[in-house]
Amino acid sequence: MISKYSTSTFKVPLTAIVITMGALISLPALAQQVTVTITTPSYGELFYQNQPVHANFNCSPGPSGSPITSCVGDIEYGELLDTSTLGSHTFSVTCTDQEGHQLKKLYAYTVVAP
């Protein structure tokens, strides 16, 4: 038991994981400091096997206005998503700003037979 006179120090991580409409989002310090927008694939979207689908996403600064230093998807912007294999797939984008705030957004999509 810890008394009110304890001198112990506890470190608590300042990252929260939140699931919004099935998308996994990591929010530093419980406040969104950067923004990730994934246009393609949209969450839960269906694609036909071997359908050419280009990744479309962007990252932008949050309220702090700190410049974005990294905006990285599982594949590069404009590259083709994997639609060669039937079933569920995921696509994620991670954004980091100059102050170290980071956000990762993860979307699921499904590939079906034509």
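Computed from the coordinates by the stated procedures, all read-outs in this text should not be read as laboratory data. Everything numeric in this text was worked out from a predicted model, so none of it was measured. Glycine also receives a Cβ, built like all others from the backbone with ideal geometry; neighbour counts cover every protein chain displayed.
What is the fewest-to-most order of S66, S84 by other Cβ atoms lying within 10 Å of their Cβ? List each step's numbers first, then the result.
On the way: S66 16, S84 10.
Ordered from fewest to most neighbouring Cβ atoms within 10 Å, S66, S84 come out as S84, S66.
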Report task. For the stretch 26-114, run through the GluC sites (Glu not before Pro) and keep only the ones in DSSP coil with at most 12 other Cβ atoms within 10 Å of their Cβ. Result -> E76, E79
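Please arrange C59, C95 by counting, for each residue, the other beta carbons lying within 10 Å of its beta carbon, fewest first.
Working: C59 21, C95 26.
Ranked by crowding around the Cβ, least crowded first: C59, C95.
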Report summary line: Calc'd 3J(HN,Hα), the stretch 88-98, phi into Karplus 6.51 cos²θ - 1.76 cosθ + 1.60 (θ = phi - 60°), Hz, glycine/Pro = x, comes to 7, 9, 10, 9, 10, 10, 10, 10, 9, 9, 5
Report task. Can you tell me the dipole magnitude for the stretch 62-114 around its Cα centre, using point charges on the Cβ only (Lys, Arg +1; Asp, Glu -1), in Debye to the nearest 20? Result -> 180 debye
Query raised in the report: If you average 1/r over every pair of different alpha-carbon atoms in the stretch 63-114 and take one over that average, what Kirkwood value in Å do you get?
Result: 12.8 Å
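Based on other C-beta atoms within 10 Å, arrange Y107, Y77 from fewest to most.
Numbers: Y107 21, Y77 13.
The order, fewest Cβ neighbours first, is Y77, Y107.
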